[in-house]
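Worksheet for the structure shown next.
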């Protein structure tokens, strides 16, 4: 597949890494020669120097032969113009634009045909939705949702006081009063797909598949006491904070937002009537205390600086804030991050890249393609959702009679409104949804790739 990526920033570089691993032919357009040279050195791709919204530059990138264009520059308007011109030059082209400004949301949807858009992505809005989901279950570090909200893969950290510390997976059912599956474990930076005799250790990050209805039981069985989030502090007034505060207002949660830009504070006061907006420097710990940090159920660090977000989160943790969530633009140094008490870590670029990878795979495989793709365990494991359709030849056969590829695990089966954690006797039928976890190097592009 021929793909043009316009913009070599964080999203563009992450996409280049993921899509080159998928075997796609990539062309990168960027106006910064250093960005181009760096990307071309790391990945097998063609580089075009110039303005991606220029017809001449798009023609140099052979847009007429491309299958997909992804516009991911820092400017929404440039992304829209790039997609519009590219689609005019190649009407069969699929186009994806990154659109971050909340003011454009509704009109982009209504005028997507005018702009020639196949898909619009908003990393900041996705991040806000993910944070809001975490605030509903404070005991989890991460939640990935499948099967229209009926199945989830949740992340937990094993500490010295955990009921699961030094426990084998064979003993799990005697501790947790519901059926779950530990589908991956991250230990010392390495992702593992555990067997039943695997013993959990302090410091492990575990990824647990469970029906959504059982999440409360899971937390209660582990002795993780969660209280309803009533008061939240947001540090930083960017787009993620705007989207998140609006979601919290809808749920009636008392929210305080702090930002150092007075003009932005005044703007947010108009946009968020039920949110308390405070003008102050989030790097000043006295400001955080004076604005009531110690009285908050949760703190979310959302400034534009990864370093500052980490400092704020570490301070909030030291002050005993029950739930801390940290937004980071760069999560490449996970070994360092794991050693810090940052609570849940959210990376907007990773969230949107998952959706784009799913779209690319769906283009390559019109039948049997994954409905959703989630990178878990620091990107070392993929969790995918497949709908069982007419292309599947294994319906009605017990799982014990099927041979799956190495490092592939069927983590859950959803039959209509009912989700089960499967065993050897489980079967699936047309219309069911499977959640599949893989830690192998091979890519599962369609459901038939699960089986050997």
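Within the range 1-25, the set of residues being surrounded by fewer than 23 Cβ atoms within 10 Å (Cβ to Cβ) and in a strand (DSSP E or B) comprises 2, 25. Scanning the range 440-450 for residues that are modelled with pLDDT of 85 or more and in contact with a strand residue (DSSP E or B) (Cβ under 6 Å, 6 or more places away or on another chain), we see that the one that is nearest to residue 378 (Cα to Cα) is 450.
Cβ-Cβ distances below 8 Å connect the following pairs, each with a first residue in the range 61-72 that is in the same structural domain as residue 116 (by TED's automatic domain parsing), a second residue that is part of a loop (DSSP other than H, G, I, E, B) and crowded, with 24+ Cβ neighbours inside 10 Å, and a separation of six or more residues or different chains: 71/7; 71/52; 72/7. Of all the criteria given as (1) over 30 Å from residue 428 (Cβ atoms); (2) not in a loop (DSSP other than H, G, I, E, B), the one not satisfied by residue 355 is (1). Return a yes/no flag: does the range 107-119 have any residue that is in the same structural domain as residue 8 (by TED's automatic domain parsing), within 20 Å of residue 35 (Cβ to Cβ) and assigned to a helix (DSSP H, G or I). No, because not a single residue in the range 107-119 is in the same structural domain as residue 8 (by TED's automatic domain parsing), within 20 Å of residue 35 (Cβ to Cβ) and assigned to a helix (DSSP H, G or I). The single residue among 195, 205 that is farther than 21 Å from residue 340 by Cα and either modelled with pLDDT under 95 or outside the structural domain of residue 437 (by TED's automatic domain parsing) (or both) turns out to be 195.
Of all residues in the range 275-300, those that are in a loop (DSSP other than H, G, I, E, B) and within 28 Å of the chain's Cα centre (by Cα) total 5. Candidates in the range 186-208 are the residues that are in contact with a helix residue (DSSP H, G or I) (Cβ under 9 Å, 6 or more places away or on another chain) and assigned to a strand (DSSP E or B); of these, the one that is farthest from residue 173 (Cα to Cα) is 186. When restricted to residues that are surrounded by fewer than 19 Cβ atoms within 10 Å (Cβ to Cβ) and assigned to a strand (DSSP E or B), the range 409-427 contains 3.
Mind listing just one residue for me: the one in the range 343-359 that is touching a residue at least 40 places away in the same chain (Cβ under 8 Å) and farther than 16 Å from residue 329 by Cβ and, of those, nearest to the chain's Cα centre (by Cα)? Taking the candidates together, the pick is 355. Of the residues making up the range 361-392, those that are at pLDDT 90 or above and not in a loop (DSSP other than H, G, I, E, B) are 376, 381, 382, 383, 384, 385, 386, 387.
Looking only at the range 149-160, decide whether some residue is outside the structural domain of residue 6 (by TED's automatic domain parsing), surrounded by fewer than 19 Cβ atoms within 10 Å (Cβ to Cβ) and assigned to a helix (DSSP H, G or I). For the range 149-160, residues outside the structural domain of residue 6 (by TED's automatic domain parsing), surrounded by fewer than 19 Cβ atoms within 10 Å (Cβ to Cβ) and assigned to a helix (DSSP H, G or I): present.
If the condition is being touching a residue at least 24 places away in the same chain (Cβ under 8 Å) and under 14 Å from residue 243 (Cα atoms), then the range 261-272 contributes 268, 271, 272.
Of the residues 356, 325, 336, which single one is within 17 Å of residue 302 (Cα to Cα) and either at pLDDT below 90 or touching a helix residue (DSSP H, G or I) at 6+ places or on another chain (Cβ under 8 Å) (or both)? On inspection, the qualifying residue turns out to be 325.
Scanning the range 232-283 for residues that are out of contact with any helix residue (DSSP H, G or I) (no Cβ under 6 Å at 6 or more places or on another chain) and surrounded by fewer than 15 Cβ atoms within 10 Å (Cβ to Cβ) turns up 250, 251, 252, 261, 262, 263, 266, 269, 270, 271, 273.
The values are calculated or read from the model by the stated rules, or taken from the named source; none is laboratory data. These numbers were taken from a predicted model, which means no experiment stands behind them. Here Cβ is always computed from backbone atoms with ideal geometry, including for glycine, and neighbour counts include all displayed protein chains.
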